[in-house]
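A short worksheet on the structure shown next.
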Amino acid sequence: MLLKKRQNSTSIIELEAKKPPIEPPKVDYLLTETNPFTKNVPLCTDQWTIEKTAILAPSADIPIPTKRRINSEELQWSEIRPIRIIYEDYLNHLAKSFDEPPNKVLICDSLLEAVDENSELLKNAQLAVVHANFPISPKLAFERLLYSNLPKESLMICALGYDLLLYSKDQDSTDAIKCVRQDLKYFIEGMIVKHSCVDGWKMTLAFVTIPEKPISVFSFESFNQGARKMVEDLQKAYASTPVTVKLFDWAEWIAAIPDSQMNTVSKKISLLISNILVRSLY
């Protein structure tokens, strides 16, 4: 005897249709707003991230995880090589994105990770952005730039040292400044030697301080004090050369403006870029 089909039976298709939609995984981004100079970067973790920790930092509008402090000199080549390959490819791509060598180069670590290297405004201003995040050291970043083709007159803006404070084991602000100073001198002297036979060659090198707000566990104030003294020393050391050393005191520029007007990373980056473009004129 055949059984009659139940009238209230529900097909598999109907059951699937009633299931709630699968929500995509939540992605946290570093910025709460962007502008023509910035891009929104996903909050990423790496092998040095300490899970379930968070600190306030000047590179993001949201708390970011802390990092396991390591001795960068003990990093294995297997840890550095993948990042080095990405960095090389990035520089090659960057060079091809300009019709002629840019006369301004901003080289930065993760402090300025949110600066958009593909910004049309920056490209039109002949400003190239070179991201050299950890574990790319300042020296390694400078080594590659020594082989780049730049105009006879160029402005190099260096925003480096933040990652040293973020990742390096037993390295306080004094040690970080010492490391940056050595690498800057290596780069300056390398550029002088490279262009020793080029008539009319000159370069301006500007060092960028780190914003001191929001208040962080890191001593950015101490680092900035050391950076200002470092720039004074380099100015004296290279006064008779074609290299002019300047300080772009981003921390002071921000401190001079009410907090309500400087309450996001994008606004602070706009202030920095605007000053770079204006100060490159003289």
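Just so you know, all these numbers are worked out from the coordinates, no wet-lab data involved. What you are looking at is a predicted structure, and each value in this text was computed from that prediction instead of being measured. Note that each Cβ is placed from the backbone with ideal geometry, even for glycine, and that neighbours are counted across all protein chains shown.
Here are the numbers for this structure:
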| item | result |
| --- | --- |
| Neighbourhood net charge (15 Å Cβ-Cβ; Lys/Arg +1, Asp/Glu -1) for Ala239 | +1 |
| Reach of Lys267 by Cα under 13 Å, taken over aspartates and glutamates that are not fewer than 8 positions away in the same chain | Glu33, Asp61, Asp259 |
| Stretch gain in nm, segment Lys236-Asn124, where the contour uses 0.36 nm per residue and the Cα spacing is subtracted | 37.0 nm |
| Length gained when the stretch Glu100-Trp48 is fully extended (0.36 nm per residue, less Cα-Cα span) | 14.9 nm |
| Region 125-222 shape via C-alpha gyration tensor axes, a/c threshold 1.5 | prolate |
| Of Lys194/Lys268; Lys104/Lys246; Lys104/Lys202; Lys39/Lys202; Lys67/Lys185, pairs whose Cα-Cα distance is over 24 Å | Lys194/Lys268; Lys39/Lys202; Lys67/Lys185 |
| Least to most buried among Cys197, Cys179, Cys108 (fewest other Cβ within 10 Å first) | Cys197, Cys179, Cys108 |
| Radius of gyration and Dmax over the Cα atoms of region 45-279, both given in Å | 17.3, 56 |
| Built amide H within the under 5 Å cut-off of Tyr29, gap 5+ | Leu43 |
